[in-house]
1. Could you list, in sequence order, all residues of region 61-85 that are exposed (fewer than 10 other Cβ atoms within 10 Å of the Cβ), assigned to a helix (DSSP H, G or I) and either of a type in the set (A, V, I, L, M, F, W, C) or at positive phi (or both)?
2. When you go through (1) at pLDDT 80 or above; (2) touching a helix residue (DSSP H, G or I) at 6+ places or on another chain (Cβ under 8 Å); (3) of a type in the set (A, V, I, L, M) one by one for residue 66, which number turns out not to apply?
3. Is it the case that residue 16 is among the charged types (D, E, K, R) and within 26 Å of the chain's Cα centre (by Cα)?
Amino acid sequence: MSESYERERQNNARLDELSAKVSALRGVTIDIYDHARAHEVIDSTTDTFSSMGTQLKGSAGRLGRMAASGNKVAILKLSGILIGIVIVLYYTWRLFF
């Protein structure tokens, strides 16, 4: 009888060890998943900023061509946009600093 109790105790100890290993493995799996999600968000953000930069360059090129055409209305629009950007940046700067 004593031998069966000893085996039961050993089985319980090994079961506890296995449970601890499974918990550690679950934690590692969750960490890997979280890291992959964070990496996906970073890649998405990088793609968004890259796309925004390309669009901004295209818009600046169109504005430059518009101003180079010599059209008075186009030059006034470009001036208004530039003045508006400077004013927005100025008030944003004052808001935070």
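1. 73
2. It fails just one condition, (1).
3. no
The values are calculated or read from the model by the stated rules, or taken from the named source; none is laboratory data. Note that the coordinates shown come from a computational prediction; the quantities given were computed from them, not determined experimentally. Every residue, glycine among them, receives a Cβ derived from its backbone with ideal geometry; neighbour counts consider all protein chains shown.
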